[in-house]
Every structure is written in structure tokens, then in C-alpha cells.
Amino acid sequence: MRFIWFVLACMPLLGASVGAGDNPPKGDLEKLQSCWNLVKYEDGQETKDNIFETPSDNPIVRLFDPAATLCVQKSCATFSRGPELVLRQAEVRLDVSKDPKAINVTFGTPKRQKTYLGIYKLEANQWTLCVADGDRRPTEFKAKQGQAVLYYARSK
């Protein structure tokens, strides 16, 4: 059953297209192929460097789970705590033709899914996302109401 869920979660989802960048050059997608740890976030009210200190009330931060490791394999993002506990999976779609670069993160199954619109930048071993809970994509790396900026570092 776990394998079937993994396959369903990581299949390209119908209607999740981002536009011209559906098949981005392998550059950014290849660079994301790794595991990442959340090191800091901004949720519109505060910036947290010590992410385990107090849980956030922001639903995006809770969904992206500060205690989880985020591993990207092809276009599938897996949030887990250790090798045995998979918390959730999502499909990642990039559009490198946008400025700033766009990302869609889709959680759920093909019948029941939710897509978070965002922007991202990838610099060496750091990946920064600004994600919105709604139908408007952020335009800058600043957390406003209903948004979160997530700072990831590549796992060693």
C-alpha cells in the first residue's frame, strides 16, 4: 500500500501545469535532487532561526514540517522523519522562465489535491522558497499574510 501511495503521489498530476516551464532545463531540477533540511522560516509575523523552539501557527510552515527532511527525487518531494516515517509527499513543478522562478507544490491524490504556488531561488547548497496558501503567487521573498518563506540547506 505504501508503494502505491508513493507512485500515486509522484505521478504527474492532471491540471497541475505551470506553463512554458513544464519541462524545465535539467539544471534546476537536477540541482534539487537531494535531501534538504529546513534551517529558518519567516511566516509573516516572525523569523525563526531556531525552528524547533516553538511551533508555528502558520499552516504552510506546519505542512512543510520543520522537523522533517525534504528529499526531492525527480519531481517528487518526500517529507520524512528518518528512513521509516514518511509524513507526506508532493509533486514539484518548476518554471524557470519566470522571474523570479516559479514553483508549484501539489499535495494529495489526483482526486483530492491542493497546489501551493510559490517562487524559489537555488544557490549552491541553499534553496529558498516563498509559498502562498491561495491562488496568488508571491512576487518577492517576503512573507505576507497567508505566505511563508522557507530556507533549506542541503543535507550532508
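The values are calculated or read from the model by the stated rules, or taken from the named source; none is laboratory data. Remember, it's a predicted structure, so these values are computed and weren't measured experimentally. Virtual Cβ from ideal backbone geometry, glycine too; neighbours counted across all protein chains shown.
Worth pointing out:
Condition check ((1) among the hydroxyl-bearing types (Ser, Thr, Tyr); (2) farther than 23 Å from residue 49 by Cα) across all residues:
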| site | (1), (2) |
| --- | --- |
| 96 | no, yes |
| 100 | no, yes |
| 103 | no, yes |
| 108 | no, yes |
| 119 | no, no |
| 148 | no, no |
| 155 | yes, no |
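- Some residue of the range 119-136 being free of Cβ contacts under 8 Å to residues at least 24 places away in the same chain, part of a loop (DSSP other than H, G, I, E, B) and either buried (at least 19 other Cβ atoms within 10 Å of the Cβ) or acidic (Asp, Glu) (or both): yes
- Spans of strands (runs of 3 or more DSSP E) in the range 44-114 with at least 3 residues β-branched (Val, Ile, Thr) and surrounded by 16 or more Cβ atoms within 10 Å (Cβ to Cβ): 102-108
- Any hit, the range 140-153, residues being crowded, with 20+ Cβ neighbours inside 10 Å, of a type in the set (S, T, N, Q), in a strand (DSSP E or B) and in contact with a helix residue (DSSP H, G or I) (Cβ under 8 Å, 6 or more places away or on another chain): yes
- Boolean, residue 72 is within 12 Å of the chain's Cα centre (by Cα), at pLDDT below 85 and on the phi < 0 side of the Ramachandran plot: no
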